[in-house]
Amino acid sequence: MKKKVLVGGCFDILHYGHIHFLKNARALGDYLVIALESDKNIKRIKGSFRPIHDQDKRREILESLNFVDEVIILKDEMQDSDYFELVDRVRPCTIAVTSGDSMIEKKKAHAAKVGAKVIEIPKIESASTSKITKLLELETS
């Protein structure tokens, strides 16, 4: 049986911080599943100028990484019950998050319901997508 690791995020402009996080997450098991935020949800979270790459392009980019096994695009209006349904369907042994994840308590509750654990992966110093878009003047604020 495969040891699945579940992660989530936007992954709009793939950068070194993403690669570091995803490789470390994959090392926690042998099958990495990414729950990818939808375009509509990214606009709601990040602003109307985002995402830079639409969800199909972001999925294709992520699937091209040899350590990514599956990418699931999330629906536009995710509720807590929808996230639990995803966790229940994927049945990960681990949910990997970056340190400082604001949703960690909910993720721990979801993980506990399926016997999984939540592991925090420390953030590293790396330009974020938001910093990159500002540097490239793709966003102004």
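Being over 26 Å from P122 (Cβ atoms) and either surrounded by fewer than 20 Cβ atoms within 10 Å (Cβ to Cβ) or among the acidic types (D, E) (or both) narrows it down to one of S81, S64, S102, so name that one. Spell out the reasoning first.
Details: S64 fails: over 26 Å from P122 (Cβ atoms); S102 fails: over 26 Å from P122 (Cβ atoms).
Only one candidate qualifies: S81.
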Item to check | Close pairs (8 angstrom Cβ cut-off, 6 or more residues apart or separate chains): modelled with pLDDT of 95 or more in region 115-128, of a type in the set (K, R) and surrounded by 13 or more Cβ atoms within 10 Å (Cβ to Cβ) anywhere | outcome: A116/R91; V118/K107; V118/K108
Item to check | Candidate set from region 17-62 (those that are at pLDDT 90 or above and aromatic (F, W, Y)); member that is farthest from the chain's Cα centre (by Cα) | outcome: Y31
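Take L86 and tell me if it is more than 15 Å from F21 (Cα to Cα), in contact with a Ser or Thr (Cβ under 8 Å, 6 or more places away or on another chain) and modelled with pLDDT of 95 or more. Explain how you work it out, then say what you get.
Values: more than 15 Å from F21 (Cα to Cα): yes; in contact with a Ser or Thr (Cβ under 8 Å, 6 or more places away or on another chain): no; modelled with pLDDT of 95 or more: yes.
So L86 does not fit the description; no.
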Checklist entry - In this structure, is L28 touching a helix residue (DSSP H, G or I) at 6+ places or on another chain (Cβ under 8 Å), of a type in the set (A, V, I, L, M, F, W, C) and surrounded by 15 or more Cβ atoms within 10 Å (Cβ to Cβ)? => result no
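Scan region 113-120 and give yes if some residue there is of a type in the set (G, A, S) and surrounded by 13 or more Cβ atoms within 10 Å (Cβ to Cβ), otherwise no. Steps first, please.
Residues of region 113-120 that are of a type in the set (G, A, S), as a first pass: 115-116.
With surrounded by 13 or more Cβ atoms within 10 Å (Cβ to Cβ) added as a condition, the list becomes 116.
Yes, because at least one residue in region 113-120 is of a type in the set (G, A, S) and surrounded by 13 or more Cβ atoms within 10 Å (Cβ to Cβ).
It is to be established whether one or more residues within region 56-64 are hydrophobic (A, V, I, L, M, F, W, C) and in contact with a strand residue (DSSP E or B) (Cβ under 6 Å, 6 or more places away or on another chain). Working first, answer last.
Narrowing region 56-64 to residues hydrophobic (A, V, I, L, M, F, W, C): 61-62.
Going one step further and asking which of them are in contact with a strand residue (DSSP E or B) (Cβ under 6 Å, 6 or more places away or on another chain), we end up with 62.
Yes, the conditions are met somewhere in region 56-64.
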Next on the checklist: For region 50-108, give me each residue that is within 18 Å of N24 (Cα to Cα), of a type in the set (S, T, N, Q) and touching a helix residue (DSSP H, G or I) at 6+ places or on another chain (Cβ under 7 Å).
Outcome noted: T98
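The values are calculated or read from the model by the stated rules, or taken from the named source; none is laboratory data. This structure is a prediction, so every number in the text was calculated from the model and none was measured. Ideal geometry is used to build each Cβ from the backbone, glycine not excepted, and the neighbour counts take in all protein chains shown.
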